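The values are calculated or read from the model by the stated rules, or taken from the named source; none is laboratory data. Note that the structure is a prediction, hence the values are computed from the model and not measured. All Cβ positions, glycine included, derive from the backbone under ideal geometry; neighbour counts span all protein chains shown.
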Ligand code: ADP
């Protein structure tokens, strides 16, 4: 693919002296961009073919630890290299950095040059292929919610994370006035992403002091996940450039609402027609949509780890905060785990509200597609829509309430094992259990303050 148009354009920009740096990135298990900063000339002459990285990048945690227990990677096997293979069609400018472009890579085995199956991009591509085999294309959109803080991340860290003043003093849901005061971050964020080819729709204030939402137009699932990872990265970098901090923690304060990443999803033909809409059906939901949604509901517990990957993620599932607690679907009802949007119209879609802002979008979307595909294969019928305040529905099934439970549900998931393969599921079960083990080991400041004298 060395003759791709974006690569040809890059060569011209390099020879014109407009670009000097190429960020060569993979997406790690946490959905972060990891890689190297290439001198542009070296990239267009050599590294465009491939470069290398230590294989622990797909077996580490947020802190870059080297946990044991991964079959793919270990001290025993010497932590060798993976190949990073640039997908030259993903070359795009990073206009908030001078003279810099980026490219996303697929991660390949060093010897076989096959894609590493537990690489997040590979996992999503596999589900997209399974869906294509059924004749469908998934269009998805992931909303990005996050909090902005007055001080920079470096100041906050040096204060021991005590100086956490949100950028605004009040709930700014849909506020034009308050969000004007945040345009030092949000305007360059929207404009730079748009210039990078990411179809930003809008940003808005969210339902808490300092909380923002960024919306990107729905796209093919892989593009959507690429957009999400790059937009999240850009948010942190642009906030840093402006002396602010952004957090995508799902719940940074138990007294405030958490941040979500809702996933809107619909299926289409490869000719660009939605197969979710049937004007004659109840709510306008076609049979295809009903089967797909039934799969999402039935397998929501299996998918929960991929929607809530950390201990902290589960603190967001709290009644009365707009975050769901129950596995139900409802028509345009924000208390439900799944919300039907665009009822009886061509824009009909299902919004999964379970995911927090801390998702890895590739894994979260892949798990949703796997659940939906199973619903299609087994022609499942959804349970009826739930009405009213779903938080109060004692008869409705709860979202797994802890990481421990979600990890064990993932471990036992026949559906995900069939869809993703045992090696992939075992890899992420290990990641989940490692998060739990670390938390179980660490004495928190909460415990010390609570019990120091009183226990
Ligand atoms: P909300 O009421 O949740 O704020 P919005 O109208 O802002 O919903 O839309 C949320 C997201 O849904 C947007 O990113 C939009 O591009 C996406 N979207 C719209 N139509 C579809 C569709 N048919 N399939 C998937 N996503 C869609």
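Can you name the residue in the stretch 93-138 that is within 11 Å of residue 369 (Cβ to Cβ) and assigned to a loop (DSSP other than H, G, I, E, B) and, of all such residues, is nearest to the chain's Cα centre (by Cα)?
Residue satisfying both the conditions and the ranking: 136.
Out of curiosity, is residue 374 under 25 Å from residue 146 (Cβ atoms), assigned to a helix (DSSP H, G or I) and touching a residue at least 60 places away in the same chain (Cβ under 8 Å)?
no
Inspect all residues belonging to the stretch 123-133 and state whether any of them is within 16 Å of the ligand (Cβ to nearest atom), touching a strand residue (DSSP E or B) at 6+ places or on another chain (Cβ under 6 Å) and modelled with pLDDT of 95 or more.
Checked against the condition, which is being within 16 Å of the ligand (Cβ to nearest atom), touching a strand residue (DSSP E or B) at 6+ places or on another chain (Cβ under 6 Å) and modelled with pLDDT of 95 or more, the stretch 123-133 yields at least one hit.
Modelled with pLDDT of 95 or more, buried (at least 20 other Cβ atoms within 10 Å of the Cβ) and touching a helix residue (DSSP H, G or I) at 6+ places or on another chain (Cβ under 8 Å): is that true of residue 288 in this structure? Break it down stepwise before answering.
Numbers: modelled with pLDDT of 95 or more: yes; buried (at least 20 other Cβ atoms within 10 Å of the Cβ): yes; touching a helix residue (DSSP H, G or I) at 6+ places or on another chain (Cβ under 8 Å): yes.
Taking the combined requirement at face value, the residue satisfies it.
Please determine whether any residue of the stretch 316-331 is within 12 Å of the ligand (Cβ to nearest atom), over 17 Å from the mean Cα position of the chain (by Cα) and part of a strand (DSSP E or B).
In the first step, residues of the stretch 316-331 are kept if they are within 12 Å of the ligand (Cβ to nearest atom); the result is 322.
Adding the requirement that they be over 17 Å from the mean Cα position of the chain (by Cα) leaves 322.
Checking which are part of a strand (DSSP E or B) leaves us with none.
So far as the stretch 316-331 goes, no, none of its residues is within 12 Å of the ligand (Cβ to nearest atom), over 17 Å from the mean Cα position of the chain (by Cα) and part of a strand (DSSP E or B).
Could you please find all residues in the stretch 177-190 being touching a residue at least 24 places away in the same chain (Cβ under 8 Å) and assigned to a helix (DSSP H, G or I)?
Step one: list which residues in the stretch 177-190 are touching a residue at least 24 places away in the same chain (Cβ under 8 Å), which gives 178-179, 182, 184-186, 188-190.
Matches in the stretch 177-190: 178, 179, 184, 185, 186, 188, 189, 190.
Every residue, every condition in (1) more than 28 Å from residue 415 (Cβ to Cβ); (2) in contact with a strand residue (DSSP E or B) (Cβ under 6 Å, 6 or more places away or on another chain), yes or no:
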site: 225; (1), (2): no, no
site: 228; (1), (2): no, yes
site: 233; (1), (2): yes, yes
site: 239; (1), (2): yes, yes
site: 242; (1), (2): yes, no
site: 256; (1), (2): yes, no
site: 260; (1), (2): no, yes
site: 284; (1), (2): no, yes
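What are the residues in the stretch 262-274 that are away from the ligand (no atom under 11 Å from the Cβ) and touching a strand residue (DSSP E or B) at 6+ places or on another chain (Cβ under 8 Å), if any?
If the condition is that a residue be away from the ligand (no atom under 11 Å from the Cβ) and touching a strand residue (DSSP E or B) at 6+ places or on another chain (Cβ under 8 Å), then 269, 270 are the ones that fit.
Would you point out which residue out of 243, 272 is modelled with pLDDT under 95 and either surrounded by fewer than 17 Cβ atoms within 10 Å (Cβ to Cβ) or assigned to a loop (DSSP other than H, G, I, E, B) (or both)?
Working: 243 fails: modelled with pLDDT under 95.
Just a single option satisfies the conditions, and that option is 272.
Taking the condition in the same structural domain as residue 146 (by TED's automatic domain parsing) and either away from the ligand (no atom under 16 Å from the Cβ) or in contact with a helix residue (DSSP H, G or I) (Cβ under 9 Å, 6 or more places away or on another chain) (or both), does residue 306 pass? I'd like the intermediate steps shown before the answer.
On the way: in the same structural domain as residue 146 (by TED's automatic domain parsing): yes; either away from the ligand (no atom under 16 Å from the Cβ) or in contact with a helix residue (DSSP H, G or I) (Cβ under 9 Å, 6 or more places away or on another chain) (or both): yes.
Considered against the rule, which asks whether it is in the same structural domain as residue 146 (by TED's automatic domain parsing) and either away from the ligand (no atom under 16 Å from the Cβ) or in contact with a helix residue (DSSP H, G or I) (Cβ under 9 Å, 6 or more places away or on another chain) (or both), residue 306 comes out as yes.
Test of understanding: among 431, 364, which residue is surrounded by 19 or more Cβ atoms within 10 Å (Cβ to Cβ) and out of contact with any strand residue (DSSP E or B) (no Cβ under 8 Å at 6 or more places or on another chain)? Steps first, please.
Working: 364 fails: out of contact with any strand residue (DSSP E or B) (no Cβ under 8 Å at 6 or more places or on another chain).
Matching residue, one of 431, 364: 431.
Only residues that are out of contact with any helix residue (DSSP H, G or I) (no Cβ under 8 Å at 6 or more places or on another chain), in a strand (DSSP E or B) and either within 12 Å of the ligand (Cβ to nearest atom) or not assigned by TED's automatic domain parsing to the domain that holds residue 145 (or both): list them for the stretch 203-228, please.
Listed by number, the residues that qualify are 213, 215.
Of these, 250, 231, which one is surrounded by 20 or more Cβ atoms within 10 Å (Cβ to Cβ), in a loop (DSSP other than H, G, I, E, B) and away from the ligand (no atom under 11 Å from the Cβ)? Full working, then the answer.
Values: 231 fails: in a loop (DSSP other than H, G, I, E, B).
Only one candidate passes the filter, namely 250.
Given the conditions (1) over 21 Å from residue 124 (Cβ atoms); (2) in the same structural domain as residue 299 (by TED's automatic domain parsing); (3) in contact (Cβ under 8 Å) with a residue 60 or more places away in the chain, which single one is not true for residue 408?
It is condition (3) that residue 408 fails.
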